[in-house]
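Presented below is the structure to which this report refers.
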Amino acid sequence: MALTVYGIKNCDSMKKAFQWLEANGLAYDFVDFKKDPPTATQVDAWLQGVGDALVNTRGPSYRQLPDEIKNQFAGQTRIQAIVDKPTLIKRPLLVNGDAMTVGFDPDQWLTIPNLLKA
């Protein structure tokens, strides 16, 4: 099982995440949303894994969405909005097999099964 970290390289939360992961000797693969945007299938799986926490509703990407999208922000509308604008995803997104979490929270990360064995 390989740990995969998704995000945007120059994001402050991502920089903290990289430092923490490296300080703890954890190997990971990094996927930059700007270079490799997520697919609808990935977004759907992430929504099933972390639910509404996947979307950063306090960030500018969400606030700039048209009201008609925000008012129907569920199902395929939500998935397509995230595919079209991956900056809606709260960063970092850590995926280790079926386990996943969002945001920079090392205490939460340590609850991911087999993370320290990644």
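The values are calculated or read from the model by the stated rules, or taken from the named source; none is laboratory data. Remember, predicted model here, so these are calculated numbers, not experimental data. Reconstructed Cβ throughout: ideal geometry from the backbone, glycine too, with neighbour counts over all protein chains shown.
Here's a check for you: in the stretch 95-116, which residue that is of a type in the set (D, E, K, R) and over 22 Å from PRO38 (Cα atoms) is nearest to the chain's Cα centre (by Cα)?
Top of the filtered list is ASP105.
Looking at the structure I just gave you, is ASP67 acidic (Asp, Glu) and within 18 Å of PHE33 (Cβ to Cβ)? Give the derivation first.
Details: acidic (Asp, Glu): yes; within 18 Å of PHE33 (Cβ to Cβ): no.
Here the answer is no, as ASP67 does not meet what is asked.
How many residues, within the stretch 16-33, are closer than 26 Å to ILE79 by Cα and free of Cβ contacts under 8 Å to residues at least 40 places away in the same chain?
4
In the stretch 1-48, which residue that is of a type in the set (S, T, N, Q) and outside any loop (DSSP other than H, G, I, E, B) is farthest from ILE89 (Cα to Cα)?
GLN19
Considering each of ASN10, ASN71, ASN24 in turn, give the residue that is of a type outside the set (A, V, I, L, M, F, W, C) and more than 20 Å from PRO106 (Cα to Cα).
Every option except ASN71 fails the conditions.
Among the residues of the stretch 62-93, what is the count of those that are modelled with pLDDT of 95 or more and small (Gly, Ala, Ser)?
Within the stretch 62-93, residues that are modelled with pLDDT of 95 or more and small (Gly, Ala, Ser) number 1.
Regarding the stretch 36-49, can at least one residue be identified that is within 19 Å of LEU115 (Cβ to Cβ) and touching a strand residue (DSSP E or B) at 6+ places or on another chain (Cβ under 7 Å)?
Yes, the stretch 36-49 contains a residue that is within 19 Å of LEU115 (Cβ to Cβ) and touching a strand residue (DSSP E or B) at 6+ places or on another chain (Cβ under 7 Å).
When you look at PRO37, is it on the phi < 0 side of the Ramachandran plot, touching a Pro at 6+ places or on another chain (Cβ under 6 Å) and of a type outside the set (Gly, Ala, Ser), yes or no?
In short, yes.
Report, ordered by the first and then the second residue, all pairs with beta carbons closer than 6 Å, sequence separation of six or more or different chains, a first member in the stretch 62-82 that is surrounded by 11 or more Cβ atoms within 10 Å (Cβ to Cβ), and a second member that is at pLDDT 95 or above.
Every condition considered, the pairs that remain are TYR62/LEU88; ILE69/ALA81; ILE79/ALA40; ILE79/VAL43; ILE79/ASP44; ILE82/VAL43; ILE82/LEU88.
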